[in-house]
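Below is one structure, written out as structure tokens; the observations come after it.
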Amino acid sequence: MRVPIFALLFFLLVTAGFAQQVIPDPKTDNFIERKIETIAENSSEDIDFTTIFDALNYYKDHPLELNTATAEELQQLYLLSDFQIAALIRHRNQYGKLLSIYELQAVEGFDLALIYQMLPFVKVSRDLNRLNISVKDVFKYARQEVMMRVSQGIEQQKGFTTVDSAELAENPNARYLGSPQRVFARYRFRYSNNVSFGITAEKDAGEEFFRGTQKQGFDFYSAHFALRNIGRLKALTIGDFQAQFGQGLTCWTGFGFGKTSDALNIKRSGLGLRPYTSINENLFLRGAGATWAFWKFEITAFASRKALNSNASAGDSLSQDLQAFTNFNLSGLHRTPGELEDKANITEQAWGTHLRYKADNLQIGFTFADFSYSADLTRSPSPYNQFEFSGRHNQNVGVDFNYIFRNFNFFGEASRSKNGGMAATAGCIVSLDPRLSFSVLNRRFARDYQVIYSASIAEGSRSINENGLMVGINMRPAKGINFNAYFDQWRYPWLRYLVDAPTTGYDGLAQLNYTPSKTMDMYVRFRQRIRARNTTADFEEVIDYPIDQMQQNYRYDIIYKVSPSFKLRNRIEYVRFFPGDGRIEEGYVALQDVIFKPMSMPLSFSVRYALFRTDGYNPRVYAYENDMLYSFSIPAYFNKGSRAYINLEYNLGRNIDIWVRYARFFYTDQTSSGSGLTETQGPVKSDFRVQIRLRF
């Protein structure tokens, strides 16, 4: 398969026509979406980026005061390295408060390019003292927000079609119980970074709503109350919260990004206790926690108790209490009687503590986490999972550190689980020059290390059964040119799912960015990965052995502004997949975005049209899409067809925002899409969303 020549000509002509028409306007640069896309590159369609988006969007509306910002607040910008944060705090201590944001040019590690990125999210005010917090100020200056979103697939899925009562009686799981709408609602009360209260609710498509098994309304509810930086009380969370410590080996709930195109982005920054605002029904704790500071120490304690979904394997015939389950059900879907049987059928109890010592350039932490369940986890016996956690109780103990010495940043964590399994990760970021930096990350996760919630940076999604070494480089040899590259090689000491032997693999990426002005950015990227999978060949004997499968991605992307309100984006990505049997599977996506956000009009919109063609699912391409606030789309492009969407946003006054979105796939080589109850007939798969936000 070859990329059509007209697609390449189209991209080159459009690029050449507008490349010279750039108008500097750094504040209109859509940094938030680009940052999330960078993080989402190794993610699937179901990742929820609410936490990071919430922080960046808040600072966009309420810029962070640089003269009083703490190191933890500066980390939440996702813009600054620990070198830069330490340099800024050192500059404030030595020379006093900043008088202008452009004074940052005198701070080590800061340049104009970084300052322009920071502009929408930070400020330097003339009032150099942080105001004392009073109850009156909290209610007078707090930001309140109410949001409601409804979405629905246009084409009818099999699960919503009619069926006769006899068939339904024979198979109750043949159809969904509820309506096809997905409903999201949220209320948030927030005063600076000090006070937060919120309620979030969600109903998935197919779930009942205020009737049947869901008479309480939504299928999922989440609420929190949180205080931060009130004297020595650094954090207090009641309700649903996240606990993130160290490098993510011992205890890390909630979102944790993986490898990205930023070769220096290899380090976790555990922010401790944070309120939970996402709609993932699993990656959070429910209870209470607090962090207290004294001298150079911070001590955190938390306790949690919540119901979880699981696949049951045995129950008490008299009490009907669940005695054993085979695995956790992480889908969060409760659309059929079978899925409802798995809902909230076990209880998880957790508690833990974290002690951190903080000096100017050194942090040392100790973490303890204890998790227990109301039933025994008895996994289905398979060779690959015989070392994984089973039973009712697990504990993890870990030690982490972060040390900055001149231009070196050393960090790491070591952890031990209750069964004696060990895991460790350690790395270093070296800034030899503002234009040249290196990174290295080494990890050793034993096959018998057992952990419930973790998010360390690695190839696998869990911190078990992996040894690896990752090295990276970042160079800025000239103004407007940035080169990033990394190479990550790993080995799995034991079997994995669909991999019936210890294996090795690697992942390499090189990306060259060229930014000739503040309103134009383009890059080219090459990425190659080799991962092993069991062969799919048929043999007379039953032999499952792994073979190396290689994937190569080639990408060209350009974003440029025609005016301060009008922006265009082009991308073409080509994929080659080598299944290991001598064949080559290919695919491509060519897309055009038009983004219009005028300053003088209440209406803005973004439009995309994409053409794609792949030789099946293996050479699929993921592409981040602009979406409405707190909604995220990263669909997989595969087979043959086109993809289009339009987002409309209308500001009805200063405090009311309305979004409307329509998106659709049109397949030229398929007569249906999806499978099982999600199957739809015809070549089209589309969805419609509407959202309203009230602010006061």
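Within a straight-line Cα-Cα reach of under 17 Å, Lys685 can be paired with the following lysines, leaving aside sequence neighbours fewer than 8 residues apart in one chain: Lys158, Lys640. Over all projection directions, the Cα-based convex hull of segment 572-671 averages an area of 7.7 nm². Above 25 Å lies some portion of the pair distances; for segment 231-464, what is it as a whole percent of all C-alpha pairs? Every Cα pair in segment 231-464 considered, those over 25 Å come to 46 percent. Span-like helix criteria (full DSSP H runs; alpha carbon extent of at least 18 Å along the helix axis; mean Kyte-Doolittle hydropathy of at least 1.6) are satisfied in the chain by 5-18. Computed from backbone phi, the HN-Hα couplings of segment 109-119 come to x, 9, 9, 5, 4, 5, 4, 4, 5, 6, 3 Hz, rounded to whole numbers (Karplus: 6.51 cos²θ - 1.76 cosθ + 1.60, θ = phi - 60°; Gly and Pro given as x). Quick check: the distance between the Cα centres of segment 649-679 and segment 63-111, to the nearest angstrom? Value for the Cα centre distance between the two parts: 41 Å. Each 10 Å bin, from zero up to the one with the longest distance, holds this percent of the alpha carbon pairs of segment 323-449: 11, 27, 27, 19, 12, 3, 0. For the residue pairs Lys259/Lys418; Lys267/Lys296; Lys60/Lys561; Lys60/Lys518; Lys234/Lys518, the C-alpha atoms sit more than 26 angstrom apart in Lys259/Lys418; Lys234/Lys518. Here the Karplus curve 6.51 cos²θ - 1.76 cosθ + 1.60, taken at θ = phi - 60°, turns the phi angles of segment 350-363 into couplings of 9, 8, x, 8, 9, 10, 10, 9, 10, 10, 4, 10, 9, 10 Hz, with x standing for Gly and Pro.
The calculated Kirkwood hydrodynamic radius for segment 71-123 is 11.2 Å, given to one decimal from all distinct C-alpha pairs.
Based on the Kirkwood approach, the hydrodynamic radius assigned to the chain is 27.3 Å, with every pair of different Cα atoms included.
Adding -39500 (n - 2.57) for every DSSP H run of four residues or longer, then dividing by how many residues the chain holds, sets the calculated 222 nm ellipticity at -3000 deg cm²/dmol. Hey, what did the chain get for relative contact order, percent, Cα under 8 Å, at least 6 apart? With pairs under 8 Å counted, the relative contact order is 11 percent.
Read the figures in this text as sums done on the coordinates, not as results from a lab. Just so you know, these numbers come straight off a predicted model, no measurement behind them.
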